[in-house]
Amino acid sequence: MHSLSHAGGKNDNVHRGLVEVTQDSITQAFRSWIARSGLLLLAVLLAGCSALRLGYSNGETVSYWWLNGYVDFESSQQPWVKKHIDNFFAWHRKTQLPDYAQLLGKAQQQVQRPATEADALAYYDAFRKRMLTVVDHVLPDLAELALSLQPQQIAHLEGKFASNNENYRKEYLRGDVDQRQRNRFKKVMKQAEYWFGSFSSEQESQIRTLSDARPLDNEVGLEERVRRQEEMVAMLRRIHDEKPAKEAAMRMIRDYVDRSFNYFGDTRHKTFSDAATKANAGMLAAIVNLATPEQKAHAARRLQQWIDDCHNLAARD
């Protein structure tokens, strides 16, 4: 549900339907967090696969492939990276999935009642808290990996960031404002229809109005992601050059995460993001409130699928 408000957002996948929603729904929120924190490493990708059979059945392979695309691991790094990924999945399955199921259960109850902007913002806060729990757990692994990176791997990371930014430009900076609004609205509707089923033309019109009312400045989005990337590369180079103790490297990474949530002190980016978050929350609450009883029942069934997946995966040996 949280992810619906991020559909078409500015920042950088189970039941057959969950494969698609992995790409475009729940993990869209994680992608937003990935882009904000800049951590290319283990934590968020794996958390993004949290409630998915696809993610857990292929998690080690998919996660390693994803990380390798950024880092280009050397042969000496590969065994322990794979070991840490495997350990992370075991921890996450046993300790985090039951909590996710509880949170999804609350959302399942909430969707049946009138929703407010404050309700949606509370889920934003809950989501962030869980992401930081994952980050704190993997900080030792992140520090170990950061300390092992070589200059050519950091350069490889920069190249990957540049490629991602070019894709961002193609997707979000093309067309005029009207086209960007239409593209963003289409993504909102795709998520809304996944959770609630089909909408009437009158409902779609209301959702379009809600979507268009949100702040839109994809250029600011690009500036923000470039800043995060630059800060991350600078941090990794500093770790390589200074070769701090593991505990010091952990503090550097955690400080990076904290500063990223505060937009590295850029008040313009923070002001825009705060306004966008507030508008997203209002839109999400309004969509819940305009949904019919049948549409809310559809959402409850979708959420139950995710709840069942969390419980089933957590119960695995």
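If R0 is 45 Å, the Cβ-Cβ spacing of Gln102 and Gln152 corresponds to a FRET efficiency of close to 0.55.
What a 1.4 Å probe finds exposed on segment 244-288 is 56% carbon and sulfur by accessible area, rounded to a whole percent.
Protein heavy-atom accessible surface, 1.4 Å probe, per residue over segment 180-256: 48 Å². Using the average count of surrounding beta-carbon atoms within 10 Å as a protection proxy, the listed peptides 105-112, 279-286 rank, highest first, as 279-286, 105-112.
Peptides 211-223, 177-189, ordered by how many other C-beta atoms sit within 10 Å of their residues on average, highest first, read 211-223, 177-189.
Here the accessible area is traced with a 1.4 Å probe on the protein chains. For segment 146-222, carbon and sulfur cover 48 percent of it. Projected label points at Thr95 and Glu294, each 7 Å from Cα along the beta carbon direction, are separated by 4.6 nanometres. Ranked by the mean number of other Cβ atoms within 10 Å of their residues, highest first, the peptides 163-175, 147-159 come out as 147-159, 163-175.
Estimated from the Cβ-Cβ distance and a Förster radius of 45 angstrom, the FRET efficiency linking Val233 and Asp119 is about 0.75.
Note on Thr271 and Lys190: the model spin-label points, each 7 Å out from Cα along the C-beta direction, lie 3.3 nm apart.
Between His311 and Asn262, the distance separating the two model label sites (each 7 Å from Cα on the Cα→Cβ line) works out to 4.2 nm.
The values are calculated or read from the model by the stated rules, or taken from the named source; none is laboratory data. Quick caveat: nothing in here was measured; it's all calculated off a predicted structure. All Cβ positions, even for glycine, are placed from backbone atoms using ideal geometry, and neighbour counts span all protein chains on display. Side chains are part of the model used for accessible areas, which takes the heavy atoms of the whole protein and leaves out ligands, DNA and RNA. Shrake-Rupley method; radii C 1.70, N 1.55, O 1.52, S 1.80 Å.
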